[in-house]
Structure formats: structure tokens, C-alpha cells
Amino acid sequence: MDTRLVNLVIDAARPRVLADFWVALLGWHVAEEAPDGVDVRAPEDDGWDLALVFVPVPGPKEVKNRIHLDLASTTLEHQAELVERALALGGRRVDLGQGAVPWVVLADPEGNEFCVLEPRERYKESGAVASIVVDAHGPERLAAFWAEVAGRPVEAREGDVLVGLRAPSGRGPWLEFLRNDDVKRVKNRVHLDIALPAGADQATAVSEVLSAGAAPADLGGPPLPWRVLADPEGNEFCVLTPR
């Protein structure tokens, strides 16, 4: 399949304010701002080749996100610096029942959870973001679906708890599926976008993604140039036009 990951999209009450938090925390930059969203990009040497997109969506966050970011650190001192920077920028500590763990769980100013990891060998080449983590009832099954539609092979397994996909370049964040038995109850406020290469046929690609295990997801509203689907566990994602 020729589709590939292009965006991580976060719903936001105040997109520019939330984008500024992440820009300051990660050392990235705002690449584009429009009424329908703010695009944040990483420096070329980071390895993250997606857009981090903040889109205006009314209504507050209701439940824990099923998709979150893990940030990488190079030393314990660096981890502590990242935590203090996030808190100074308006983040807060979050207790999800994680207990005594070596990573730190925080939330951004709109309550989106993220983790600042202790140094780990797996993420030495990942850049600022170690991984995009997706809660999954069945990590193997969900990882197999996303490996096909995102063009990322499975490169890591931790028993039946976690399956990790790696970009073919070997750089940038992992896409990881972490066992979690929570039931999805509302539309995700964080989702992935996939797109086609220039010249490809969107309708054909959508059919292939549906055949791989996706389902249509009707979120209402006017017709859009992209198709909204749901993965095998109901996580919404978009199939964008060729680019």
C-alpha cells in the first residue's frame, strides 16, 4: 500500500496557544497558521517528518486520550529539564495510577497527556519525540493494520504488551501500540492522518484501507476532500488527498 503517515492532529480550544506550548517545549517552529489549524514542524535534523497539527474543535476534553506522545531524553538531567520546562510553560503533573515509574506523566495546557521518558537505548535516534503511543486492546492486531497502511514495519515487541513500528528511515518517532483495556467512549481528540503520493487515486486507496480492516466513520458536517475512517479498534483517522 502506498499510503504513509503525514500528520498527528490534536483538537484544541485554542490552537495557536497550544501550538506555542509545544513549540517552546520541543524547540520546533510554527510552519503555517490558518483559520482551520496551526501546523508545527520539527527541524530537519530531528527525524520527525510529520506535521503536528492543532485544529479548532469546540468542547472540552472529556476523557484520557487514547493516543499520546512520549518525549525522549538523553540523560536523567535532561529528563528533569524537560519536565521543569513543561511545567513552567503551563503543563501539569498527572496521576493516572502509574505509581513509582522512571518516566514522568504530564498534561499540556488543554489536558492532553504525555510522558517524559528516562533515557532509553531504543530512542537514541528518535529525536525529541520518542514515540506516538496508541492504546490498544490487541496490540498485535492493531499494529499489523497500521504497519500496512502507514508503511512502517514491526521492529519491537515487549511480550503481549507493546508492539512498535519504525519508519523505514530508522529515524523519527516510533509508532507504538500499548495494551490498555479501557473502552473507547468518545471521538478521539488526537488522531493520525495518512496520505497518498502525488498522482495516486484516493478512491482506490480508501478501498484498500477498508479491505485492510478499517471502517467508515461518519462524524457529520459538510463534505470534505479527505475520507474519515476508523481503524479496527475504532480510532478515527483521515485518508488525505494525494500530495
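Just so it is clear, none of the values below were taken in a lab; they were calculated from the coordinates. Computed from a predicted model, the values in this text were never measured in an experiment. With ideal geometry, Cβ positions are generated from the backbone for all residues, glycine too; neighbour counts draw on all protein chains shown.
Counting each DSSP H run of 4 or more residues in the chain as -39500 (n - 2.57), what helix-only mean residue ellipticity at 222 nm follows after dividing by all residues, to the nearest 500 deg cm²/dmol? Working shown, then result.
Details: 4 runs with 47 residues, N = 243.
That calculation yields -6000 deg cm²/dmol at 222 nm.
Kindly provide the pair-distance distribution of segment 2-140 built from C-alpha pairs, with 10 Å bins from 0 and whole-percent values in order of increasing distance.
Going out from 0 Å in 10 Å bins, segment 2-140 shows 11, 41, 38, 10, 0 percent.
Can you give me the convex hull volume of the Cα atoms of segment 168-212, divided per residue and expressed in Å³? Intermediate values should be presented prior to the final figure.
Details: hull volume 7.4 nm³, N = 45.
Enclosed volume per residue, from the Cα hull, is 164 Å³.
Given points 7 Å out from each Cα along the Cα-Cβ axis, report the Val57 to Asp201 separation in nanometres with one decimal.
Computed distance between label sites Val57 and Asp201 equals 3.2 nm.
Sort out for me the Cα centre separation of segment 124-146 from segment 51-89, rounded to whole Å.
The distance from the Cα centre of segment 124-146 to that of segment 51-89 comes to 16 Å.
Between Glu148 and Glu118, how many nm apart are label points set 7 Å from Cα along the C-beta direction?
The modelled label-to-label distance comes out at 3.8 nm.
Within segment 62-155, which GluC sites (Glu not before Pro) sit in a loop by DSSP and count at most 11 neighbouring Cβ atoms inside 10 Å?
Here the sparse-neighbourhood loop sites are Glu62.
Taking segment 182-212, which trypsin sites (Lys or Arg not before Pro) meet the DSSP loop condition and have no more than 11 other C-beta atoms within 10 Å?
Working: sites: Lys184, Arg185, Lys187, Arg189; in loops: Lys184, Arg185, Lys187, Arg189.
Here the sparse-neighbourhood loop sites are Arg185.
Under a 10 Å cutoff between Cα atoms, tell me which one of Asn188, Asn180, Asn112 has the largest fluctuation in the Gaussian network model of the chain.
Asn180
Based on DSSP, what percent of beta bridges with both residues in segment 4-179 are antiparallel, to the nearest 5? It would help to have the intermediate numbers written out before the result.
On the way: 27 of 42 bridges.
Of those bridges, close to 65 percent are antiparallel.
On a 0 to 90° scale, report how tilted helix 15-26 is relative to the longest principal axis of the chain, with both axes built from alpha carbons and the result rounded to the nearest 10.
Between helix and principal axis, roughly 50 degrees.
To the nearest 10 degrees, how steep is helix 139-150 against the longest Cα principal axis of the chain, on a 0 to 90 scale?
Tilt of helix 139-150: around 60 degrees.
How long is the gain from Ala80 to Gln98 if the chain were fully straight, where each residue apart is worth 0.36 nm and the alpha carbon distance is subtracted? Walk me through the numbers before you get to the answer.
On the way: separation 18, 0.36 × 18 = 6.48 nm, distance 1.80 nm.
Stretched out fully, the Ala80 to Gln98 stretch lengthens by 4.7 nm.
Looking at (i) 127; (ii) 150; (iii) 175, which value of volume of the Cα convex hull per residue in Å³ comes from a calculation on the structure shown?
(i)
To make sure I understand, if each residue's beta carbon is the centre and we count other beta carbons within 10 Å, what order do Leu142, Leu162, Leu87, Leu71 fall in, fewest to most?
Leu87, Leu162, Leu142, Leu71
Got a sec? How would Phe177, Phe114 order by Cβ neighbour count within 10 Å, fewest to most?
Working: Phe177 28, Phe114 21.
Neighbour counts put them in this order, fewest first: Phe114, Phe177.
Rank Val154, Val105, Val183 by mean-square fluctuation in a GNM of the chain with C-alpha springs under 10 angstrom and give only the top-ranked residue.
Comparing Val154, Val105, Val183 in the GNM, the peak value goes to Val183.
Excluding same-chain residues fewer than 8 positions from Lys61, which aspartates and glutamates have a Cα within less than 18 Å of its Cα?
Here the aspartates and glutamates satisfying the reach criterion relative to Lys61 are Asp11, Asp95, Asp108, Glu110, Glu113, Asp135, Asp182, Glu236.
Helix 76-88 versus the longest principal axis of the chain: what angle, 0 to 90°, nearest 10, using Cα atoms?
Once rounded, the angle reads 80 degrees.
Using 0.36 nm per residue of separation minus the Cα-Cα distance, give me the extension gain between Leu224 and Asp45 in nm, one decimal.
Values: separation 179, 0.36 × 179 = 64.44 nm, distance 3.37 nm.
Extra length available between Leu224 and Asp45 comes to 61.1 nm.
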